[in-house]
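Throughout, read-outs are computed from the coordinates displayed, never taken from laboratory work. Everything numeric in this text was worked out from a predicted model, so none of it was measured.
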Amino acid sequence: MSRLLIIIGVVLVILGLLWPWIARLGLGRLPGDIVVRHGNLSFYFPIFTCILVSVVVSLILWLINR
């Protein structure tokens with residue numbers, strides 16, 4: 001279990017370092033994400049991005065546990 005947590009931490013650090021290049025791919029601005037702008041107030045909820053990331057992480061963890 002501790003090895004899995006270390007691997008997850010390393011992956012998060014790598015994703016954080018690669019974020020400028022990941023942002024250029026359009027992740028976080030997918031169709032299905034909710035953006036509401038009203039005057040000087042803006043609300044952004046990346047619902048489809050959250051679902052996509054959840055599916056990918058679940059698939060990776062499923063493959064690791066096999």
*asked:* Between helix 2-17 and the chain, what is the angle of the helix's C-alpha long axis to the longest principal axis, kept within 0 to 90° and rounded to the nearest 10?
replied: 40
*With only alpha-carbon atoms counted, please give the Rg and Dmax of the chain, in Å.*
15.3, 51
